[in-house]
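**Student:** First the structure, then my questions, so here it is.
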Amino acid sequence: MGTEEKGGQKTAEASKIAPATGKLGVMVVGLGAVATTLIAGVEAVRKGIAKPIGSLTQMGHIRLGKRTDNKSPMIKDFVPLADLNDVVFTGWDIFEDNVYQSASHAQVLDKDLVEQLKPYLETIKPLPAVFDQYYVKRLAGTNVKTGKNKRDLAEQIRADIRAFKKTVDRVVVLWAASTEIYIEKTAVHESIEAFEKGMENNDIAIAPSQLYAYAAMKEGVPFANGAPNLTVDFPAMVELSKLNAAPVCGRDFKTGQTFMKTVLAPALKARLLGVRGWFSTNILGNRDGEVLDDPQSFKTKEESKLGSLDYIFQPELYPDLYKDLYHKIRINYYPPRGDDKEAWDNIDIFGWLGYPMQIKINFLCRDSILAAPVALDLVLFMDLAKRTPELRSLGVQEWLSFYLKSPQTAEGLYPEHDLFIQSMKLKNTLRHIKGENLITHLGLEYYD
Ligand SMILES: NC(=O)c1ccc[n+]([C@@H]2O[C@H](COP(=O)([O-])OP(=O)(O)OC[C@H]3O[C@@H](n4cnc5c(N)ncnc54)[C@H](O)[C@@H]3O)[C@@H](O)[C@H]2O)c1
């Protein structure tokens, strides 16, 4: 074709995306810093108090056709997404605090703003959670369900979802709860039957997050995992996801340090600059930081953060540049900073003839301010996936890798970590489901 655009004719399929009519119910597991910043933020935007900065679904445009066509509609006008005014929140937490109290505790947003939104925020009260301190050592709460075994607990979550479904038109579940301890996949994760038996036997490799995901899958509801726990990325869950047309994606919101890493590493790689070492450290003082101070929860996070460089640099293809790269990650709990995380990266690189150089990054970020728009986009796009015939039975929604530190893929497929490849993949997926030409950036036709 020799054009900058390629692919999809307008297909009949494109017109089959169901419209986003009615209310979208968002059930958030864990009403902590990220969740309350998301919920308060959406309400502030609805009231016209603030803008949804950082959200592709709310502020992003998408180019269609040739560069000379000057056609770049807003994404939310191009694909049918739920309107923020139609979004209804609820959630689960082990603490009884309503969203106003929890947002006040998290101290992410200014007190003035939280007070302004108080009448709305205090109407959202957490449902009792499924929790077990074995999986999150640093937390203890009383708003917790009891049941005869894990399967019974999962059935109680299903009942919560069904009850909420009666009040809205569609539901999405988002995990924004604490990071659980590191768990390896075992035989219980291999099939739906093994998993169901495992729940009945209270198998130790089945953590609470997996029970929420199972419940969502059984109810045909999409589930996005914002934390690094083993929750949806195993055969039993993917099988259920496909069977019940309940899209899944995970894991771990890509927000601060890894966001920067997946921007800078592809640039170094593109210019064939070598990297000897990458040392990343953080100080963080919120409840997430406290949970991650436990070595077993930290291990889960560490695994999630470590993967990106290996995949981006491909040391097996470029041994002269990346074979012995030393990659170290530290997270230090430091209460005085609260949610205002500070991250430092020292990168030892080398160039022409092996001459060494250094790069330093010092990112003074706000953890939940970066995470909230990511969470919002994931929820709205997962709802879109559920309404899109071509996407809803795929299981894993790899096109949402853009938002995730450790993107889930089909079995045997390596994940794409490069932020710009991820961004292209996401936008081309939107073009594809709408029957628009894909954009390859070839562009020879401008010189014919
Ligand atoms: N903020 C970011 O930039 C960012 C980035 C990537 C991932 N994350 C992950 O997102 C998650 C939330 O982060 P946060 O800063 O909001 O943490 P937080 O500690 O403020 O909130 C987590 C909430 O989850 C609740 N919880 C724990 N286990 C639960 C369970 N089984 N059921 C229901 N509720 C449960 C806790 O009581 C708490 O209120 C963490 O796992 C974190 O690692 C955050």
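The values are calculated or read from the model by the stated rules, or taken from the named source; none is laboratory data. Owing to the predicted nature of the structure, the values given are computational and were not obtained by experimental measurement. FYI the Cβ positions are ideal-geometry reconstructions off the backbone, even for glycines, and counts take in every protein chain you see.
**Student:** Looking at segment 122-164, which of the residues that are outside any loop (DSSP other than H, G, I, E, B), more than 14 Å from the ligand (Cβ to nearest atom) and over 23 Å from the mean Cα position of the chain (by Cα) is surrounded by the most Cβ atoms within 10 Å (Cβ to Cβ)?
**Tutor:** Arg151
**Student:** Strands (runs of 3 or more DSSP E) wholly in segment 313-381 with at least 3 residues that are free of Cβ contacts under 8 Å to residues at least 24 places away in the same chain - which ones?
**Tutor:** Numbers: elements: 326-333, 342-350, 356-364.
The strands (runs of 3 or more DSSP E) meeting that bar are 356-364.
**Student:** Just for segment 216-235: of the residues that are buried (at least 24 other Cβ atoms within 10 Å of the Cβ) and in a helix (DSSP H, G or I), which one is farthest from the ligand (Cβ to nearest atom)?
**Tutor:** From segment 216-235, those buried (at least 24 other Cβ atoms within 10 Å of the Cβ) are 216-217, 221-232; that's our starting set.
Right, trim to in a helix (DSSP H, G or I) and you get 216-217.
Details: Ala216: 13, Met217: 17 Å.
If we take residues in segment 216-235 being buried (at least 24 other Cβ atoms within 10 Å of the Cβ) and in a helix (DSSP H, G or I), then Met217 is farthest from the ligand (Cβ to nearest atom).
**Student:** Return the pairs, sorted by first residue and then second, in which the second residue is away from the ligand (no atom under 13 Å from the Cβ), the first residue lies in segment 104-130 and is at pLDDT 95 or above, the beta carbons are less than 6 Å apart, and the residues are 6+ apart or on different chains.
**Tutor:** Every condition considered, the pairs that remain are Ser104/Val114; Leu117/Glu43; Lys118/Tyr100; Tyr120/Glu43; Leu121/Tyr100; Glu122/Tyr100; Ile124/Phe89.
**Student:** Can you tell me which residue in segment 237-259 is surrounded by the most Cβ atoms within 10 Å (Cβ to Cβ), limited to those that are in contact with a strand residue (DSSP E or B) (Cβ under 6 Å, 6 or more places away or on another chain) and hydrophobic (A, V, I, L, M, F, W, C)?
**Tutor:** So, considering only residues that are in contact with a strand residue (DSSP E or B) (Cβ under 6 Å, 6 or more places away or on another chain) and hydrophobic (A, V, I, L, M, F, W, C), the one surrounded by the most Cβ atoms within 10 Å (Cβ to Cβ) is Val248.
**Student:** Identify the single condition in (1) small (Gly, Ala, Ser); (2) more than 16 Å from the ligand (Cβ to nearest atom); (3) in contact (Cβ under 8 Å) with a residue 24 or more places away in the chain that Gly250 does not satisfy, given that it satisfies every other one.
**Tutor:** Of (1) small (Gly, Ala, Ser); (2) more than 16 Å from the ligand (Cβ to nearest atom); (3) in contact (Cβ under 8 Å) with a residue 24 or more places away in the chain, only one is false for Gly250: (2).
**Student:** With the requirement that a residue be more than 14 Å from the ligand (Cβ to nearest atom) and surrounded by fewer than 20 Cβ atoms within 10 Å (Cβ to Cβ), what does segment 165-188 give you? Reasoning before the result, please.
**Tutor:** Step one: of segment 165-188, the residues more than 14 Å from the ligand (Cβ to nearest atom) are 165-172, 184-188.
Scanning segment 165-188 gives Lys165, Lys166, Thr167, Val168, Asp169, Glu184, Lys185, Thr186, Ala187.
**Student:** Scan segment 253-267 and give yes if some residue there is hydrophobic (A, V, I, L, M, F, W, C), in a strand (DSSP E or B) and within 19 Å of the chain's Cα centre (by Cα), otherwise no. Lay out the reasoning, then the answer.
**Tutor:** Looking only at segment 253-267, we keep the residues that are hydrophobic (A, V, I, L, M, F, W, C), and these are 253, 259-260, 263-265, 267.
With in a strand (DSSP E or B) added as a condition, the list becomes 253.
When the remaining residues are screened for being within 19 Å of the chain's Cα centre (by Cα), the result is 253.
Within segment 253-267, one or more residues are hydrophobic (A, V, I, L, M, F, W, C), in a strand (DSSP E or B) and within 19 Å of the chain's Cα centre (by Cα).
**Student:** Here is a further query. Got a number for residues in segment 265-312 being in contact (Cβ under 8 Å) with a residue 24 or more places away in the chain and within 15 Å of the ligand (Cβ to nearest atom)? Can you show your working first?
**Tutor:** The first filter runs over segment 265-312 and keeps only residues in contact (Cβ under 8 Å) with a residue 24 or more places away in the chain, leaving 265-266, 268-269, 272-294, 296-305, 307-309, 311-312.
Retained after the next criterion (residues that are within 15 Å of the ligand (Cβ to nearest atom)): 280, 282-294, 296-305, 307-308.
Residues meeting the conditions: 26.
**Student:** Let me ask something else. When segment 397-448 is examined, which residues are found to be of a type in the set (A, V, I, L, M) and either touching a Pro at 6+ places or on another chain (Cβ under 8 Å) or in a helix (DSSP H, G or I) (or both)? Explain how you work it out, then say what you get.
**Tutor:** Kept after step one, since they are of a type in the set (A, V, I, L, M), are these residues of segment 397-448: 400, 404, 410, 413, 419, 421, 424, 426, 430, 433, 438-439, 442, 444.
Within segment 397-448, Leu400, Leu419, Ile421, Met424, Leu426, Leu430, Ile433, Leu444 qualify.
**Student:** (1) buried (at least 21 other Cβ atoms within 10 Å of the Cβ); (2) under 25 Å from Leu394 (Cβ atoms); (3) in contact with an Asp or Glu (Cβ under 9 Å, 6 or more places away or on another chain): which one isn't true of Pro208, the others all being true?
**Tutor:** Tallying (1) buried (at least 21 other Cβ atoms within 10 Å of the Cβ); (2) under 25 Å from Leu394 (Cβ atoms); (3) in contact with an Asp or Glu (Cβ under 9 Å, 6 or more places away or on another chain), Pro208 fails exactly one: (2).
Table: residues versus (1) buried (at least 17 other Cβ atoms within 10 Å of the Cβ); (2) modelled with pLDDT under 95.
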{"site": "Leu370", "(1), (2)": "yes, no"}
{"site": "Pro373", "(1), (2)": "yes, no"}
{"site": "Leu380", "(1), (2)": "yes, no"}
{"site": "Lys386", "(1), (2)": "yes, no"}
{"site": "Gly412", "(1), (2)": "no, yes"}
{"site": "Ser423", "(1), (2)": "no, no"}
{"site": "Lys434", "(1), (2)": "yes, no"}
